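The values are calculated or read from the model by the stated rules, or taken from the named source; none is laboratory data. Everything quoted here is computed from the prediction, not taken from an experiment. Positions of Cβ are generated from backbone atoms using ideal geometry, with glycine treated the same way; all protein chains shown enter the neighbour counts.
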Amino acid sequence: MSDPFTLTRVTAIVGRHTMPQVAVHPAARLCEDLTLDSLSRVSIACDCDEAFQIALPDDAVAEWQTLADVARAVDALRATSSEEKEAHHGQAQEIA
């Protein structure tokens, strides 16, 4: 389950890449329901990178099936980034 904040932001980001009449929700399939092509997925990844200050790997983008998958990938990367920042901060304090 994704963080509600992440899911809301990812839903808004994905919604900018779909037709207005399309229902955008966590279970929506990117290709079948939202009719997103590979270029749209890359654009979504770039938008998520900017919005969340992360760098989604290309292989993760290729694996996305649903909007919820996008949110989970963002959450996973945010968690990893937070852990790395905390570890780096701890190392910096030890040096000081």
Being farther than 13 Å from Val10 by Cβ and either at pLDDT below 90 or in a helix (DSSP H, G or I) (or both), is that true of even one residue in the range 64-75?
no
Return yes when Ala45 is of a type in the set (Gly, Ala, Ser) and either assigned to a loop (DSSP other than H, G, I, E, B) or surrounded by 16 or more Cβ atoms within 10 Å (Cβ to Cβ) (or both) and no when it is not.
yes
Have a look at Arg41, Arg78 and point out the one that is modelled with pLDDT under 95 and out of contact with any Lys or Arg (no Cβ under 8 Å at 6 or more places or on another chain).
Arg78
Contact list, first residue from the range 1-21 and closer than 18 Å to Ile54 by Cα, second anywhere and surrounded by fewer than 15 Cβ atoms within 10 Å (Cβ to Cβ) and modelled with pLDDT of 95 or more, beta-carbon distance below 7 Å, six or more apart or interchain, is Arg9/Ala51; Ile13/Ala51
